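Chemist: Quick one: the structure is below, and I'll ask about it shortly.
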There are 2 protein chains.
Amino acid sequence: MPSVLPLSAALLSLLTTAPRAPAPEAVTGPSLQVAERLIGAALTEGRAYARLAELTDGIGPRLAGSEGEKAAVQWAKRSFEADGVKVWLEPVKVPRWVRGEESGRVLASERYRAHPLALMALGGSVGTPAKGLTAEVIEVRSLEEVAALGEKVKGKVVLFNHSMSVAADYGKAAALRTRGASVAAKAGAVGMLVRSLATASLRSPHTGAMRYEEGVPQIPAAAVSVEDAELLHRLLAGGPVKVELKLGCRTLPDVDSFNVVAEVPGREKPREVVLLGAHLDSWDVGTGAHDDGAGVVMVMETARLIGKLNPAPRRTVRVVLFANEENGLRGGRAYAEAHAGELGNHVAALEMDAGGYKPLGVVLRAGPGGAELVGPWLKPLEALGAGSILPGEAGGADISPLIPARVPFVGVRVDSSRYFDVHHSEADTLDKVDPKDLAQATAAVAWVSYVLAEVPGVLPRPEAPPAEAPKAPAAAPKSSAP
Amino acid sequence: MPSVLPLSAALLSLLTTAPRAPAPEAVTGPSLQVAERLIGAALTEGRAYARLAELTDGIGPRLAGSEGEKAAVQWAKRSFEADGVKVWLEPVKVPRWVRGEESGRVLASERYRAHPLALMALGGSVGTPAKGLTAEVIEVRSLEEVAALGEKVKGKVVLFNHSMSVAADYGKAAALRTRGASVAAKAGAVGMLVRSLATASLRSPHTGAMRYEEGVPQIPAAAVSVEDAELLHRLLAGGPVKVELKLGCRTLPDVDSFNVVAEVPGREKPREVVLLGAHLDSWDVGTGAHDDGAGVVMVMETARLIGKLNPAPRRTVRVVLFANEENGLRGGRAYAEAHAGELGNHVAALEMDAGGYKPLGVVLRAGPGGAELVGPWLKPLEALGAGSILPGEAGGADISPLIPARVPFVGVRVDSSRYFDVHHSEADTLDKVDPKDLAQATAAVAWVSYVLAEVPGVLPRPEAPPAEAPKAPAAAPKSSAP
């Protein structure tokens, strides 16, 4: 069901009073009548939640290269077409990793009976031999500790434990998940476990991407539930602990997929592009409702609502539903490569990939003066509690390849405090998304997108990054891992 | 690790001031020096949490008739012996139900792709054919609705949905789980699903007991996660929904097990028994930390602490760790039968089976005057927030067979508001138990038990129950199902 919220009198009054904007000059700025239409429509006849139900209940999980992903691409194309929004597919080769059967257990000892382990292989992991891998566990709290342990790691399964308890801890803990296997393998480990990166747990493991360093033996890697990480910790306090891991995962040859690209051409400067991104793929567990179905429907709905404006905004609003954010970032890279020639005309990029939660405000990654350009136009979002520029930096994994081209980033920050309760787990399902929050975030994205496409000036471009490879800015609650 | 709490100055002062008790007469009442020793010991050198770790991490799940249950019986016996408490085993034939492999899915339709179902067979359910059972789902909200649907139920899998959201909803929802399969089968259903009886969910199903009515076809029955019940509800709004269930569960012949009985003989009236109960069995998922490992260690610790008193209390304190509470209540029935001749001398029975949470106070099921007998002696529990008689009725599934003999019941009520987040699920593990809460509840149980064994009078016996079969009183957050 789409969320239907009555427009409050306060919001209506905001929509009809002047913002604290510079006085319009010869070139007119964003129109407050448009604020009324975009925000009003997103909150009253918005299709975001109904679309999200189609994507999650109708299609389900959509890991890169899977049948679900293919279905999602076709669904997105059909949906844009139904909305009257110009849409096309851009080819992307994506990795094809399959989970297979998986299980783990703590083997019985004199001190305790056997325990099953609630685990999930990390995306990209190699499997174990079919008969499983059996080894003693050694527990560490950091990548650095592995090296310090030296010989003790040899032949062991390294358990990366950590103390993630709030969403803000994700970035740090994600390094253990992403890099832990190779760090452990270099020290002679035969397997790797990481405590799930979760802010709530009912013995529910959370998967996620990992990557192997070149030239280092590839060892099987899995996330265990918080409960089982704590069990292993307690058992290890009493002496040696052996586990058996059976991971049936493997990587098949790359397959063809697509970025789904849609746009509303600008009326005056069609070559200037405001890019709105989200990723269409999800993990193979749960249905990717928050990650990133919510982002997908927010930017699709934005395109639909802006597409109905007459006249269209000054600049082109382009939506990209990226392929393969979760386990490869191939979509983000393919877009940057295919559109290298026009990135100088990308005046802003905004990625929604932190869940379908209540909007809190706007963040930027731009040169000096960016806040002054955008800030005055946020007044129509005040009644939604999202009318301010917030500290922190905009970012997003899929748009991170645009950093070298100095594309300014804009973000609508949402309240992601409960995101990691469900992120990358079986629990990331539609019921976790509040239709009211999703509608409000959609309204904010629609209005901010329109402002970027209509405001007379453009955001100053940020500094060129250091020569090193681009990384996703820390502000996005996503691993910087591809 | 055992919990170590400093005794607050306030508590110490309480322990050394007089309670609002009737002035001691010729026969002395409970001693406040004993309060100091029992409560102080439970809070400072208590072994409850360490014991709970032995039971949950060391032994793990312990469903009736399983190897885990056998290990738990031997562990309990050894532990009482180590504590110097007299212990013996009393034989009980228990059912042997095994889960086997299980899975379920929503079959793909034109409207949606296939979805896996997170489910768990209900204890006692028959299995499906090996190739699975496929049928359309029909959703109901009550047992009554099944009959109202008439022919529409025929050949269907009935989904019992409900709106349980807080612990207090358990009793009502449990009737769906316990009786739903036979109610559905009478109407021609071929399978039964029930939304998990849970107050939190991360797609985590909760099992529990069910029973078949005699003469009604036995159909497979499972609990689905809250998320999947909601998914089915949403899909059903759009048209027919088919599911496939594969349940490998089955019931094997009964096996021999035991109630573990331990006691501290009374110094003056050894034939008068204060019975302290908890159940040693658990479900086969999780490790039964709250249900009912916590209760087990509270009453074991009470026996240890009271066993160290010199002189012993006036009456006998007997601990019974019941077999097979979860899926048969055979232990509770066997005790009532084996001890039928002495139930007239059972002056009180107290069962701890609502989790290892903070104590809130004391409840009774006794004749008029019970509160006046016990209430004045609860002052030493005031600093723990448990010093009052609370409204509601004491009970417990295992002691419910003592109701016809009019045994007075006493309960230490704990804060079970989060119990059903984990109850009967994989998440009922040691990490969910707060050592401080467990120690405080243990202190309360120890003191109340001593009071019952030492107070000059005895609780007035409650009214005889109606002629019908006994049921567990509603006050205990347990199904009344055997």
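The values are calculated or read from the model by the stated rules, or taken from the named source; none is laboratory data. All values reported here derive from a predicted model rather than from experimental measurement. Here the Cβ positions follow ideal geometry from the backbone for every residue, glycine too, while neighbour counts run over all protein chains shown. To get the accessible areas, we keep the full protein, side chains included, count just its heavy atoms, and leave off ligands, DNA and RNA. Shrake-Rupley method; radii C 1.70, N 1.55, O 1.52, S 1.80 Å.
Chemist: Can you give the percent of C-alpha pairs in chain A whose distance is more than 44 Å?
Modeler: Taking all Cα-Cα pairs of chain A, the fraction more than 44 Å apart is 16 percent.
Chemist: Note every residue of region A:187-210 with a reduction of at least 40 square angstrom in accessible area, all protein chains present versus the isolated chain, computed with a 1.4 Å probe, or write none.
Modeler: When all protein chains are present, A:LEU202, A:ARG203 each give up 40 Å² or more of accessible surface.
Chemist: Please list 3J(HN,Hα) in residue order for region A:420-429, calculated via the Karplus relation 6.51 cos²θ - 1.76 cosθ + 1.60 where θ = phi - 60°; whole Hz, with x for glycine and proline.
Modeler: Those phi angles translate into 7, 5, 10, 3, 6, 10, 4, 8, 7, 10 Hz.
Chemist: Let me ask something additional. Once the label point is set 7 Å along the Cα-to-beta-carbon vector, what list of distances in nm do you get between A:LYS269 and its counterparts in the other copies?
Modeler: Once sorted, the set of distances for A:LYS269 reads 9.3 nm.
Chemist: Residues of region B:419-464 that become at least 40 Å² less accessible with every protein chain present than in their own chain isolated, using 1.4 Å: which are they?
Modeler: B:GLU426, B:ASP431
Chemist: Can you give the translational diffusion coefficient of region B:350-402 in µm²/s, computed by Stokes-Einstein from the Kirkwood radius over Cα pairs at 37 °C and 0.692 mPa s?
Modeler: 272 µm²/s
Chemist: Can you give the longest run of chain A that contains no GluC sites (Glu not before Pro) sitting in a DSSP loop with at most 16 other Cβ atoms inside 10 Å?
Modeler: In chain A, the maximal stretch lacking such sites is A:269-462.
Chemist: Follow-up. When DSSP assigns beta bridges and you keep just the ones with both residues in the protein assembly as shown, what percent turn out antiparallel, to the nearest 5?
Modeler: 55 percent
Chemist: Once you have a ≥ b ≥ c as the square roots of the Cα gyration tensor eigenvalues for region B:316-372, tell me rounded if a/c is under 1.5, and otherwise prolate or oblate according to whether a/b is larger than b/c.
Modeler: The shape class here is oblate.
Chemist: Distances from A:ALA147 to the same position in the other copies: list them in nm, one decimal, shortest first, using label points 7 Å from Cα along Cα→Cβ.
Modeler: A:ALA147 label point versus its equivalents elsewhere: 7.4 nm.
Chemist: In cubic angstrom, how much convex hull volume per residue do the alpha carbon atoms of region A:246-285 span?
Modeler: 108 Å³
Chemist: Percent antiparallel among DSSP beta bridges with both residues in region B:117-226, to the nearest 5?
Modeler: 20 percent
Chemist: Looking down the axis that turns A into B, which residue of A has the closest beta carbon, and how many Å out?
Modeler: A:LEU202, 2
Chemist: Report the net charge of residues surrounding A:GLY100, where surrounding means a beta-carbon distance below 15 angstrom and charges are Lys +1, Arg +1, Asp -1, Glu -1.
Modeler: That works out to +2.
Chemist: A further question follows. What's the extension gain from A:VAL98 to A:VAL255 if we count 0.36 nm per residue and subtract their Cα-Cα distance?
Modeler: 55.3 nm
Chemist: Then there is this: Antiparallel DSSP bridges in chain B: what percent, to the nearest 5?
Modeler: 55 percent
Chemist: List the lysines whose alpha-carbon lies under 23 Å from that of A:LYS358, not counting same-chain residues fewer than 8 positions away?
Modeler: Within the straight-line limit of under 23 Å, A:LYS358 reaches these lysines: A:LYS379, A:LYS432, A:LYS436, A:LYS478.
Chemist: I've got another one for you. Whole Å is fine, so just give me how far the alpha carbon centre of region B:196-253 lies from that of region A:141-182.
Modeler: Between the Cα centre of region B:196-253 and that of region A:141-182, the gap is 38 Å.
Chemist: Would you mind checking the tilt of helix B:435-454 against the longest principal axis of the Cα atoms of chain B, expressed as 0 to 90 degrees and rounded to 10?
Modeler: Result, in degrees: 60.
Chemist: Placing the label point 7 Å from Cα along the Cα-to-Cβ direction, what are the distances from A:ASN310 to the equivalent spots in the other copies, shortest first, in nm to one decimal?
Modeler: Reported distances to equivalent positions: 9.9 nm.
Chemist: Once R0 is set to 56 Å, what does the formula 1/(1 + (r/R0)^6) return for the Cβ-Cβ distance between B:ALA340 and A:ALA148, expressed as a FRET efficiency to the nearest 0.05?
Modeler: Taking R0 as 56 Å, the efficiency between B:ALA340 and A:ALA148 is 0.30.
Chemist: A:LYS379 accessible area, nearest 10 Å², 1.4 Å probe?
Modeler: 40 Å²
Chemist: Tell me the volume per residue, in Å³, of the convex hull enclosing the alpha carbons of the protein assembly as shown.
Modeler: Measuring per residue, one finds 186 Å³ for the Cα hull of the protein assembly as shown.
Chemist: Still on this structure, please answer the following. Measuring from centroid to centroid over Cα atoms, what is the spacing of region A:301-340 and region A:428-452 in Å?
Modeler: Between the Cα centres of region A:301-340 and region A:428-452 lies a distance of 17 Å.
Chemist: Mind grabbing the interface size between B and A? I mean buried accessible area, both sides, 1.4 Å probe, in Å² to the nearest hundred.
Modeler: 2300 Å²
Chemist: Still on this structure, I have one more. Which parts of region A:235-263 would a label at A:LYS70 reach, counting a residue when its backbone N lies under 11 Å from a point 7 Å out along Cα-to-Cβ?
Modeler: Under cut-off, by backbone N: A:256-257.
Chemist: Which of the residues in region B:106-140 lose at least 20 Å² of accessible area when you go from the chain alone to all protein chains together (probe 1.4 Å)?
Modeler: Residues passing the criterion (a loss of at least 20 Å², heavy atoms only) are B:ARG113, B:HIS115.
Chemist: Here is a follow-up. What list of ³J(HN,Hα) values in whole Hz, one per residue of region B:42-47 in order, does the Karplus curve 6.51 cos²θ - 1.76 cosθ + 1.60 (θ = phi - 60°) give from phi, with Gly and Pro shown as x?
Modeler: With the stated coefficients, region B:42-47 comes to 4, 8, 10, 10, x, 9 Hz.
Chemist: How large a share of the accessible area of the protein assembly as shown, in percent, is made up of carbon and sulfur atoms when the probe is 1.4 Å and the other protein chains stay in place?
Modeler: Here it works out to 55 percent.
Chemist: Also, quick follow-up: Taking a ≥ b ≥ c as the square roots of the eigenvalues of the Cα gyration tensor of region B:209-342, is the shape rounded (a/c under 1.5), prolate (a/b larger than b/c) or oblate?
Modeler: Since a/c reaches 1.5 and a/b is larger than b/c, the shape of region B:209-342 is classed as prolate.
Chemist: What is the percent of Cα-Cα separations in region B:217-268 that go past 15 Å?
Modeler: Cα-Cα pairs in region B:217-268 separated by more than 15 Å: 73 percent.
Chemist: By the gyration tensor of its Cα atoms, with a ≥ b ≥ c the square roots of the eigenvalues, what is the shape of region A:93-200: rounded for a/c under 1.5, prolate for a/b over b/c, or oblate?
Modeler: Verdict is rounded for region A:93-200.
Chemist: Counting only heavy atoms of protein chains, what accessible area per residue, in Å², does chain A have with a probe of 1.4 Å?
Modeler: On a per-residue basis, 36 Å².
Chemist: Could you pull out every residue, at least 5 positions away or on a different chain, whose amide H is within less than 5 Å of the one on B:GLY277? Hs are placed 1.01 Å off N in the peptide plane, and Pro or chain starts have none.
Modeler: HN-HN under 5 Å from B:GLY277: B:VAL320, B:LEU350, B:GLU351, B:MET352.
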